[in-house]
Amino acid sequence: MTPQAWINLAYLAASTLFIVAFKMMSGPRTAVRGNYLGAAGMVIAVVAACFEHNVRDGIMRHGAWPLLLLGAATVVGGGIGATMALRYPMTGMPQMVALLNGFGGAASVFVAAGELWNMGARSAGTTDAGASAPLAPWTQFAIATALTGLIGAITFWGSLVAFAKLEELPRFKKAWTNPNRHAINLGLAITTVLVGWGFITHPDWDILYWLLVVLASVLGCTLTLPIGGADMPVVICLLNSYSGLAAAAAGFVIDNNVLVIAGSLVGASGLILTAIMCQAMNRSLVGVLFGGLGTTTTANADDVYAGKVKSASAEEIAMVLENADRVVIVPGYGLAVAQAQHAVRELANALEKRGITVEYAIHPVAGRMPGHMNVLLAEADIPYEKLREMDDINPTFPETDVAIVIGANDVVNPAARTDPTSPIAGMPILDVDKAKTVVVVKRSLSPGFAGIPNPLFAADNTLMYFADGKKAILDLTAALQQG
Amino acid sequence: MPFLAVILADTATVATEDPATRFIRLLTVFLLAMWVGFEVITKVPQRLHTPLTSGSNAISGITAVGAIAVAGALASSMGSIFGLVALALAMVNVVGGFVVTHRMLDMFNPKKK
């Protein structure tokens, strides 16, 4: 076997490990090993890459320099990555993932740029690489390079904006709602395509590549800035998918299978999660990316709520809870924002001490990234087995004595089931209204993200507890312990 | 070092493949891998979607392999600089991604601490 065959075999092993790693992500026990296997695959791929003919070529001509430089870059990057990952608090995971994702996108931009430069140097004869340099099939090379630069730059800047929004940096708190943004984006997109086409026909003008990258960078910002906080799970998934596709495109540039395989696996994963998130929010991807929900003038809030909303104190709710056998806690986006997961754990402890069964109903879009609520609750030492998915727990609500809804609104709105004219009609919801008593912890009757009133708040079996999420839980726990 | 000599001697043999064939080969790999990805990932439960996102995020740092191929030859100064920058960026993604995923998965395991 030639050395190249061995290298390709190593790439095959790495690709297989990646697939197995994804497969093992299906359970919490195997997922830890899956993550190790993914990392092992990455080590194999990177080591194999150091034996590629380009690198051997470099070693022949420059001695140990290529390896030293590659090692230095690896240590610097890896060190920064590890420090960031170890220091960031668990509650900040969505923005951490967004930031890391951005680095991957930027890396793809530079891979394509570097290869473009090498190609230019080779065809101009200014390199001493000699006969070993393969001549580029220009057009396909140029298309792949343009795509890599485009997707990579959009990923990088989009991820940075997503990071800033999730980190709640003051300047990014409000979504960008310039009425002309669609026209601006369209203009930018058309210009980008024209520049990209120009580059494909003249790949030796590398200024066009950089112009393309600059345009894609602006586009990455203007596409992400208008998207609101509640839609962030979708954006994170989509950017994740882009970073994979950028890597796959880079694989087309340098003709490398492992890049194409790993990139497309990530691309597929991001696309699936995007679809799941959109479905769970009952929104189309186009709707999330290009604008709000449209005008929603269905039920009037006053008609729904007038005189029917019952408010209760912590002591009254504690009395209801004391007589319960089974309590289901429904945490939502508001709980993630208030970071009340530890307070919820305290409440659950107090209930369980009284022999009450406590479970958690998790809606797919609860939190700020896919599955985020599970991580937040796991951090508060809530056992994985008690976190129940929507389809799993919905049939059990009729046997539930009390459902406590904290910081969730649209995902428990029964109008999705009962009112076919509602903007959220057909959206999968948690059927908390079927529980014997529903306690809703909420600051006011203000509508959720969909901007519609929630008949649940006016239902006969619902008690409203108006307070800030975290404080409400603490007061409730205190009342329960006194009672 | 005969091993090294054999490896270095191989540099001159670069496969020649016509561009369209090459493109179709890569496209085949791309589509099949996408298919496998869809099949495998639809089986991941919602509870583990956050670690899945960060784990796949780490794997997207595979661009590091591309960066090595670009920088390793030291063929042109700018090309090498871009390649090395790309490698460092990709490594932030790779190492950060795997560490973050491990931290998250650790919390799902009751026996910790």
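Rule-based calculations on the coordinates, nothing more; no lab input. Values in this document were obtained by computation on a predicted structure and should not be read as measured data. Positions of Cβ are generated from backbone atoms using ideal geometry, with glycine treated the same way; all protein chains shown enter the neighbour counts.
With a point put 7 Å past each Cα toward its Cβ, work out how far A:T16 is from A:A425 in nm, to one decimal.
If labels sit at A:T16 and A:A425, their model points lie 5.3 nm apart.
Would you mind getting me the FRET efficiency between A:V47 and B:I81? Use the beta-carbon distance for r and R0 = 30 Å, nearest 0.05.
Efficiency at R0 = 30 Å is approximately 0.85.
What is the spin-label model distance, in nm, from B:A20 to A:N8 if the labels are put 7 Å beyond Cα along the C-beta direction?
Each label point lies 7 Å from its Cα, and together they span 2.2 nm.
Nearest 5 percent is fine: what portion of the DSSP beta bridges confined to chain A is antiparallel?
Bridges in chain A are about 0 percent antiparallel.
Roughly how far apart, in whole Å, are the Cα centres of region B:18-59 and region A:1-57?
What the calculation gives is 14 Å, centre to centre.
On a C-alpha basis, how far is the centre of region A:91-123 from the centre of region B:87-104 in Å? Whole number, if you could?
Answer, in whole Å: 14.
Taking a quarter of the surface of the convex hull around the Cα atoms of region A:93-290, what do you get in nm²?
That works out to 11.7 nm².
So if we plug the beta-carbon distance of A:I190 and A:A275 into 1/(1 + (r/R0)^6) with R0 = 30 Å, what FRET efficiency do we get, rounded to 0.05?
Result of the calculation: an efficiency of 0.65.
Could you tell me the distance between the Cα centroids of region A:306-329 and region A:335-385, to the nearest Å?
Taking the Cα centre of each part, region A:306-329 and region A:335-385 sit 19 Å apart.
Let me spell out the model: positive unit charges on the Cβ of Lys and Arg, negative unit charges on the Cβ of Asp and Glu, origin at the Cα centre of chain A. What dipole size does that give, in debye rounded to 20?
About 560 debye.
Packing-wise, with mean Cβ within 10 Å as the measure, how do A:10-17, A:95-102, A:440-447, A:186-193 rank, highest first?
Highest-to-lowest ranking by the protection proxy: A:95-102, A:10-17, A:440-447, A:186-193.
Chymotrypsin sites (Phe, Trp or Tyr not before Pro), restricted to region A:39-127: which are DSSP loop and have at most 11 other Cβ atoms within 10 Å?
When the chymotrypsin sites (Phe, Trp or Tyr not before Pro) of region A:39-127 are filtered for loop state and at most 11 Cβ neighbours within 10 Å, nothing remains.
Students often forget the sequence filter, so: which aspartates and glutamates lie under 14 Å Cα-Cα from A:K470 once same-chain residues fewer than 8 apart are removed?
Within the straight-line cut-off, A:K470 pairs with A:E346.
Give the angle, between 0 and 90 degrees and rounded to the nearest 10, that separates the Cα long axis of helix A:206-224 from the longest principal axis of the Cα atoms of chain A.
Helix A:206-224 sits at roughly 0 degrees to that axis.
Evaluate peptide A:43-56: per residue, the Cβ atoms of other protein chains within 10 Å of its Cβ; return the mean as an integer.
If you average over the peptide's residues, the count of other-chain Cβ atoms is 6.
At R0 = 25 Å, how high is the FRET efficiency between B:T42 and A:V286 if r is their beta carbon distance? Nearest 0.05 is fine.
Using R0 = 25 Å, I get an efficiency of 0.65.
Among A:K23/A:K165; A:K310/A:K353; A:K310/A:K471; A:K353/B:K43, which pairs are too far apart, with a Cα-Cα distance over 24 Å?
Violating the 24 Å limit, Cα to Cα: A:K23/A:K165; A:K310/A:K353; A:K353/B:K43.
Between A:L68 and A:V337, what is the spin-label point distance in nm, taking each point 7 Å from the Cα along the Cα→C-beta axis?
5.5
Partner chain Cβ atoms within 10 Å, averaged over the residues of A:381-392 - can you pull that number for me?
2
Let a ≥ b ≥ c be the square roots of the eigenvalues of the Cα gyration tensor of region A:1-123; is it rounded (a/c under 1.5), or, if not, prolate (a/b larger than b/c) or oblate?
Verdict is oblate for region A:1-123.
Mind checking region A:160-197 for trypsin sites (Lys or Arg not before Pro) that DSSP puts in a loop (not H, G, I, E or B) and that have at most 12 other Cβ atoms within 10 Å?
A:K173, A:K174
For region B:20-113, what is the charge dipole size about the Cα centre, in debye to the nearest 20, if Lys and Arg each add +1 at the Cβ and Asp and Glu each add -1 at the Cβ?
340
In terms of the Cα gyration tensor, with a ≥ b ≥ c the square roots of its eigenvalues, is region A:417-469 rounded because a/c is under 1.5, prolate because a/b exceeds b/c, or oblate?
oblate
Mind sorting A:M281, A:M319 by how few other Cβ atoms lie within 10 Å of their own Cβ, fewest first?
A:M319, A:M281
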